[in-house]
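Working notes for the structure below.
Each value in this text was obtained by applying a stated rule to the coordinates, not by laboratory testing. For clarity, every value in this text was computed on a predicted model and none was experimentally measured. When we count neighbours, we look across all protein chains shown, and the Cβ atoms used for this are built from the backbone with ideal geometry, even at glycine.
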Amino acid sequence: MSNQTNKYLFTVTHYERDPDRVATPLVLANNALAAGGDVLLWLTVEGANLSKRGSATGLIPKSFPPVEDLLRSFTENGGRIGVCPPCGKTHGVTDENMVPSAEWMGAQAVLDAAQERQTFSF
C-alpha cells in the first residue's frame, strides 16, 4: 500500500451563466479532499469571478447544492484556490476583494502544478 497522496487540479472556466459547470468541479474537488487528496482549484476565464468575496452567493445549480456552500466546504477542508492574473484583472478581482483562501497563480505556476496532478477542466 502506498502512502502517496493523490493530487488533483480542477480548472473552472464558467460562472453565473452555467452554475452547474461551476458546481461540478467543486463537488469533485470536495470528494477528493474528503478522500485525503491534495486539491488545487484554478479559476480562469469567467471562473475568475468566483475568487471575489461574496461572488458565490446566489449561484444555485440545477443539479447540486449552492455554489456558496460547496466553495465554503472546499476552503474549510484545506482546498487551495489559484486565480489566473489576467482573467482576474478582466473580471475586477483585486487583492482587496479576493477570498482569503485564493492566491494569484499565473501560467507557469499552473503548468508546474499540473506536472504532478491529475487534471480536470470545466
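Can you work out the PRE-style zone for ALA34? Point 7 Å along Cα to Cβ, and I want the residues of region 44-66 with backbone N under 16 Å.
Within reach of a label on ALA34: 64-66.
Testing the spin-label approximation: label points 7 Å from Cα along Cα→Cβ at SER101 and GLN4. State their distance in nm.
2.7 nm
Under the rule of -39500 (n - 2.57) per DSSP H run of 4 or more residues, summed and divided by the residues of the chain, what mean residue ellipticity at 222 nm is obtained, to the nearest 500 deg cm²/dmol?
Calculated mean residue ellipticity at 222 nm is -9500 deg cm²/dmol.
Just tell me, in residue order, which DSSP H segments of the chain are both 20 angstrom or longer along the helix axis (alpha-carbon based) and at least 1.6 in mean Kyte-Doolittle hydropathy.
Helices meeting the span and hydropathy rule in the chain: none at all.
How are the alpha carbon pair distances in region 7-121 distributed across 5 Å bins from zero to the largest one, expressed in percent?
2, 13, 25, 27, 21, 9, 2
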